[in-house]
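The block underneath contains the structure these notes are about, expressed in structure tokens.
No value in this document is a laboratory result; all are computed from the given coordinates. Predicted, not measured: the structure shown is a model, and the values here were computed from it.
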Amino acid sequence: MRGGYEAWNRDDMEAARAYADPEVEVYVAQGSDLPVGLNEAYYGPDGYCRAMEEWAEAWRNWRVEVEGVVEVSDDKFLVTGRHFGEGLASGARLEQWSAAMYTIRRGKIVRVDMFFLADKDSVSETVRSLAEGGVGAEAAKEPAH
């Protein structure tokens, strides 16, 4: 999974696509902490890559620093990190926290639930909530297959 993040960071969508299950679903929590316009959901490997491309297209330059990876269950991992970027049109600087719950099936990413958050405390709260099955966890339930 870290390889997928690394591929995304170097804008290598073909390498990132290799980590995606044919039925992958990507969900982006909508709210005031979302710094660019992303759809609520993307489907399939093309959608998985499209979500990453739409993010990348908004920035002159950007990177993600992974802060932590936590195994939530045998098939779920929670990745927390900080996004840094410079807006393509505005030049505005970004430092944004995120939490992403990855669901894995047969060694491939089958679901991503992405949360963009204002600060590290919000990340901690979201992580705790997801781990306990509380607020926000409804977005990270098992995919319907």
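Run the numbers on the chain and let me know its relative contact order in percent, using alpha-carbon pairs under 8 Å that are six or more apart.
Value for the chain: 20 percent.
From the phi of every residue in the stretch 88-97, what ³J(HN,Hα) in whole Hz does the Karplus formula 6.51 cos²θ - 1.76 cosθ + 1.60 yield, where θ is phi - 60° and glycine or proline is x?
4, 7, 8, x, 4, 8, 10, 9, 10, 8
Fully extended, how many nm does the chain gain between residue 92 and residue 132 (0.36 nm per residue separation, minus their Cα-Cα distance)?
10.8 nm
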